[in-house]
Amino acid sequence: MEYNLEDFSQSAINKGQRKINFALTVVDVKLIKLIEALRDAVAALPAAHNINVDDLNKAITDVYRTSEKVASIKPPGCDPTWG
C-alpha cells in the first residue's frame with residue numbers, strides 16, 4: 001500500500017482508516033474461525049460430552065456482529081483493497 005506520509009488531509013486520514021477498518025475485520029474473522037475450530041475440536045473429544053458451549057457460541061455471535069459494525073461505520077467506512 002503506497003500513500004503520501006506528508007498528506008494529513010481529512011481525505012487521506014479517512015482513506016487510511018477505511019483500510020485499517022477492513023484489516024481489523026479480516027483479523028476478527030480469522031480469530032473467530034480459529035476459536036470455532038478449537039471449540040469443535042474440544043467438543044469432539046470423548047471426555048467433552050458434558051461441556052456446554054452455549055455461552056461460547058453466544059460470544060462468537062456477538063463478536064461477528066461487533067466486527068460487522070466496524071466495517072459499516074460511515075465515515076470512513078471500510079475499504080477491502082487493503083493488503
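The values are calculated or read from the model by the stated rules, or taken from the named source; none is laboratory data. This is a predicted model, so every value here is computed, not measured. For neighbour counting, all protein chains shown are included, and Cβ atoms are generated from backbone atoms with ideal geometry for every residue, glycine included.
Scanning region 32-77 for residues that are loosely packed, with under 12 Cβ neighbours inside 10 Å and touching a Cys at 6+ places or on another chain (Cβ under 9 Å) yields a total of 1. Which residue pairs have Cβ atoms closer than 7 Å, lie 6 or more positions apart in sequence or on different chains, and pair a first residue in region 23-45 that is more than 18 Å from residue 55 (Cβ to Cβ) with a second residue that is surrounded by 11 or more Cβ atoms within 10 Å (Cβ to Cβ) and at pLDDT 90 or above? Every condition considered, the pairs that remain are 28/63. Of all residues in region 22-52, those being β-branched (Val, Ile, Thr) and more than 18 Å from the chain's Cα centre (by Cα) number 2.
Whether a residue is in contact (Cβ under 8 Å) with a residue 60 or more places away in the chain and either over 16 Å from the mean Cα position of the chain (by Cα) or not in a helix (DSSP H, G or I) (or both) was assessed, and residue 19 does not pass this test. Being in a helix (DSSP H, G or I), under 20 Å from residue 78 (Cβ atoms) and among the charged types (D, E, K, R) holds for only one residue in 28, 40, 55, and it is 28.
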